[in-house]
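Presented below is the structure to which this report refers.
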Amino acid sequence: MTTWLLGLLPPAVRGRYFASDQFLSGVGGVGTLIACAALFALLPIYQALLVQYVIALIGSTLSYYSLKRLPDIERPTAISLSSVLRDTPRIMFARSEFRRYLWLAVGYAVITTPIPPFAAYYLKVGPQLSAGVIMQFEVLRYLGVIAGAWMLRRRIDAVGAKPFFLLALGLIAFTAVIFWLYLQQIVGGLVTVGGVYFAVGFGAVCWNIANLHYLPKISPADERVLFVSVHGAVTACIGGCAPILWGLVLKSVGPGGVPAVDVGLFQWFFASVVAVASVLSVLIARLHEDTKTHVDPIIIGNAVLNPFRAASYLVNLIDAKGIVREVVPSRSDRK
């Protein structure tokens, strides 16, 4: 998709197009999350999810027909499967600036990927906030994305990616400290949680846009597609495993068999986030970046956050057995 758009857009308007794309994607995401929050507030949980999937189906259909109307471009050189299998280990493990940054990006993915789903789960089973309230926090996360994209679009070309990598890590450490204090009941309130969500969104867009500007600078032009694909696959795979592994130890069962979170281990999770973010900050600061040579950034329109992925964080919060008990009372209840 990125290659296709770069082939369609004149070089003189690419920056303006992609900046507007990021901003409008964030605005659309906020609108979608507001609609999701309203659905959770007005409808039963399963009906709300059904309507959201219908919206996703309609949006996908409209996107399909819109893409069909775009003109085609000259096809890029195909990469054989054998070359991918042969070159991927070299890209991942051979000494280079790309390898160094790749594993730093993996570390960032490992500490940040679990935060949104675990935060949503804890807020549901701990303070027992409603799904609608949690979706409103997701709206604040999107507002953080919009604010970050607006700030970065004119500054990143001038100062480079490293300051925004460091800003993202600083924000993640800050949110981890605040949530740790929240778990300790030293700070509290919906305003505090909302501020944490806003900071998470702001930090996420700082890292993602900085990443999309930095990757082309450390990827050979003739192999850029493969380098970017390896980066995306490795960070997504290992980062996606992090919530699964942490979930094995964080999720627990409270009195009466109700879902719960081991608060002590959850505090250790946020302490580890602060420690890893501090180490990554030192290593990121040592990366070499050429800020004088201009390279077209790799921009993926709305890949920063997905409103329906945010809504999916709430799927595991549903107490299906409880709903069944309400609809079909047990024999003992009937008596």
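What is the ratio of the Cα radius of gyration of segment 150-205 to 2.2 N^0.38 Å, where N is its residue count, to two decimals?
That works out to 1.33 for segment 150-205.
Ordering ARG141, ARG155, ARG99, ARG90 from largest to smallest accessible area (1.4 angstrom probe), what's the sequence?
ARG155, ARG90, ARG99, ARG141
In whole Å, largest first, what are the principal axis extents of the Cα atoms in segment 221-268?
60, 19, 9
Would you list PHE174, PHE202 from the most to the least accessible area, probe 1.4 Å?
So, going from the largest accessible area down, we get PHE174, PHE202.
HN-Hα J couplings of segment 28-45 from phi, Karplus 6.51/-1.76/1.60, θ = phi - 60°, integer Hz, Gly and Pro as x?
x, x, 4, x, 5, 5, 5, 4, 5, 4, 5, 5, 5, 6, 9, 10, x, 4
Any idea how far apart ALA236 and ASP87 come out in nm if each label point goes 7 Å out from Cα toward Cβ?
If labels sit at ALA236 and ASP87, their model points lie 1.9 nm apart.
Mind grabbing the accessible area of CYS237 for me, 1.4 Å probe, Å², rounded to tens?
80
Checking the a/c ratio against 1.5 first, then a/b against b/c, what shape does the Cα gyration tensor give for segment 41-146?
Oblate, since a/c reaches 1.5 and b/c is not below a/b.
With bins 10 Å wide starting at 0, give me the P(r) of segment 75-203 over every alpha carbon pair, in whole percents.
Going from the shortest bin to the longest, the percentages are 11, 32, 26, 20, 10, 2.
List the residues whose amide H sits under 5 Å from the amide H of SER252, counting only those 5 or more places along or on another chain, with H placed 1.01 Å from N in the peptide plane.
ALA260, VAL261, ASP262
The values are calculated or read from the model by the stated rules, or taken from the named source; none is laboratory data. This one's a predicted model, so the numbers in the text were calculated from it and none came from an experiment. Positions of Cβ are backbone-derived with ideal geometry, glycine not excepted, and every protein chain shown enters the neighbour counts. Protein only, heavy atoms only, side chains kept; ligands, DNA and RNA dropped before computing areas. Shrake-Rupley method; radii C 1.70, N 1.55, O 1.52, S 1.80 Å.
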